[in-house]
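Here is the structure we will look at.
The values are calculated or read from the model by the stated rules, or taken from the named source; none is laboratory data. Because the structure is predicted, anything quoted here is derived from the model rather than measured. Here the Cβ positions follow ideal geometry from the backbone for every residue, glycine too, while neighbour counts run over all protein chains shown.
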Amino acid sequence: MTALPPPRENDGATPSAGSWEPPVHPGSQPDPSSVSTSTSPTMVELTPNDPIEHVAVPPGNPPMSGPTADPTPTPEKTPRQGPRRAAMAGLLAVAMIGSGVAGGLIAVSLDDDGDPTPPQRASSALLEIADGDRELPALDVAAVAAHVAPSVVTISADVEGGVGGAGTSVGTGVITTTDGEILTNSHVVEDATEIRVRLAGESEPREAVLLAADPGNDLALLRIEGDEFAAAEFADPDAIDIGDEVMAIGFALDLDGDPSVTKGIVSALNRTIVTSSDAVLDGLIQTDAAISSGNSGGPLVNSLGQVVGINTAVARGDTFTAATNIGFAISTAEALPIVESLRDQADGEPREEGFLGVSLADRTDGGQGAIVATVEEDTPAADAGLLEGDIVIEVDDAPIEGLAGLVAAIRDLEPGDQTTIVVLREGELMDFTVTLASRADS
């Protein structure tokens, strides 16, 4: 059994083919790697009662985070070309299975009046992570549900603002440590003035505080008072495979009683989806287990009851486009490092993402890569010599299939990091060694 290192204690307590787009974070600030897209308009709704229309964003949006350096032509390289899907005639909706997501990184809790107060200290407990050397048995739904249920909580948040004004956001969370740390989706607790958590077997909710939230990755940490809570076990990220049987657990549609359970398989790994606010969720698990509104923040578990992902979004079709049993969960490979980052935020160390200074568009000719639509002056991209019309096909030796992949690659880096970007310019491949900056420095 391995575990994440304990956090420091501190007393200061896309498919980018144009056929569809994912969960939206309305009202959020543009992602540090914000982009524009040249694909067809897409309809995105957050929840059945909070729809929002997504339209393609023209070039010139707030620039994306990322690189710096002088081009070194290397024409001997051969750009990889991959098949791309043509834009579908119909529109496809991807729904975030809860409310919207606030912008910016947050590290505050709320007092009784809803005013920001200094955050509680992050948990000092270890997350339990499986070694990954156990063979998965056939899924016994009843047994797994009974095993996991004590770690699954329902979350109710009083919220302000939004399309319908003040209201209540309902979602699901998973207990990560025995001392009351809870992981959920950021959009479940957006604009919350009060957060309540009800544990399995309890009739009355407990007051919870928001330790920190990362809207760009749609994850948040909460804390409830107490100890000896039933903490979930997380699967080894390297032991998750396509075809594994999985089960989604959560309080779908806020129905009375115990959480709902649905079963399916891991349909695909490492999915990347782009929101209408140009935020990107990457490293997602795609599953055919039914996921509904209210499941936001709940666990996707394997046949051993280990958490493999956090349920966050579903795809929905329209009159012209079929979308059946396509749900998305943030994988443990993405979630576990973010938990550590959120703990740092709660302890007063906000995470800053690297900044590049470009807006992007997807290719429409079937080729690999993302098009640089605009380059902002006095940014790492401009200093490095990137130009409008360049096609980015590789970052640090990893191929870039499209706009979403490039945004995800840059977003995972920090100011000061150096990265090598390969672009195709007028038929010639060129290398750029770029030092990322902070948005505030540009």
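Some observations on this one:
- Qualifying residue in the stretch 237-248 (condition: modelled with pLDDT of 90 or more, farther than 22 Å from Leu342 by Cβ and crowded, with 24+ Cβ neighbours inside 10 Å): yes
- Here the strands (runs of 3 or more DSSP E) wholly within the stretch 312-393 that include at least 2 residues being at pLDDT 85 or above and not assigned by the TED database to the domain that holds Gln418 are 327-331.
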